[in-house]
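*Asks:* The structure's right below; bear with me while I get my questions together.
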């Protein structure tokens, strides 16, 4: 398509020149070219001015031919600009003293013209570029970390609208992680240097993640003060749970045995960020009759032992070192899922209806249910002696 357009523009005038026998001429396409250097030292660019000024000589040449109209001569400029181009190498990040070569590129179809276009490569030395200053683009940049580890995020704020900042890691952060922030001029360093007369002294800056709240990853992360609050809430919850016991049953003692603590394994996404079980051995005083009793069997008084827990989830360590836990979210074993049958009960209608206690008959059963079933996703610690 390009050759077709050029041929239409030059065909008529070329024939006219040949018929007039004006002789074949050569036109140097570098004759009028002016070389300018713009920008700053180290980030300069080469620009050409009046590089197509030689076309006026070609137009004068055509104007002497017979049967050439003004309209055809006007077409010459466009047509010749289509067949001649200039390659500048190198042409980025130029410094004073560098050399640049401008090579004219002439389309081979010009061999059909009634004249020649010629031009040798021109080599020039870069000069006149202004010295640039260096500055730290991170001055005034604010990098903040938000959220809860290990899912913290980074926010970068700056009043420098012509500079973009990006972090190599913007999410999934924990305290102590390293984040590298990269600065880059939106227009490119060369254009930025030309516009501002200065360049970056560095393009990267490293920041250490801090100030994030985090979920307790081990039992020792939880302050003793918080543990005491959880045990106090657990004691209240146990007292509330036995308040509905049948007549003849009462809580003799509730002994705190220690903790089961679960934290997610690295790389696992779990429903809870940590789990703490406060484990208790409860002893009940019970009054009733034993299995096999009849209406004449006297009531006896005895004791029953069972194990229970109070569970707290998602215990969080705040940036100031204090601890946050939802005490009202405490959970105990479900009444109808975990029950221990008593040796005692109440005789009624020819049989004994045995009392039950919500919990576990032994610690192994509790450990299996609370810990062993979850070890695929969680690590655990225990302070309970079994």
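*Asks:* How many residues does region 30-68 hold that are in contact with a helix residue (DSSP H, G or I) (Cβ under 6 Å, 6 or more places away or on another chain), touching a residue at least 40 places away in the same chain (Cβ under 8 Å) and closer than 28 Å to residue 95 by Cα?
*Replies:* Of the residues in that region, 3 qualify.
*Asks:* I want to confirm something. Restricting to region 247-267 and keeping residues that are surrounded by fewer than 14 Cβ atoms within 10 Å (Cβ to Cβ) and at pLDDT below 90, which single residue is farthest from residue 149 (Cα to Cα)?
*Replies:* First, the residues of region 247-267 that are surrounded by fewer than 14 Cβ atoms within 10 Å (Cβ to Cβ): 247, 250, 252-253, 255, 265-267.
Going one step further and asking which of them are at pLDDT below 90, we end up with 247, 266-267.
Values: 247: 49, 266: 13, 267: 13 Å.
Here the residue is 247.
*Asks:* Failed condition for residue 288, given (1) out of contact with any strand residue (DSSP E or B) (no Cβ under 9 Å at 6 or more places or on another chain); (2) in contact (Cβ under 8 Å) with a residue 40 or more places away in the chain, with all others met?
*Replies:* (1)
*Asks:* Out of (1) more than 45 Å from the chain's Cα centre (by Cα); (2) without any contact (Cβ under 8 Å) to a residue 60 or more places away in the chain, what's the single condition that is false for residue 372?
*Replies:* If we test residue 372 against (1) more than 45 Å from the chain's Cα centre (by Cα); (2) without any contact (Cβ under 8 Å) to a residue 60 or more places away in the chain, just (1) comes out false.
The values are calculated or read from the model by the stated rules, or taken from the named source; none is laboratory data. These figures come from a predicted structure and were not determined experimentally. As a convention, Cβ positions derive from the backbone with ideal geometry for all residues, glycine included, and neighbour counts pool all protein chains shown.
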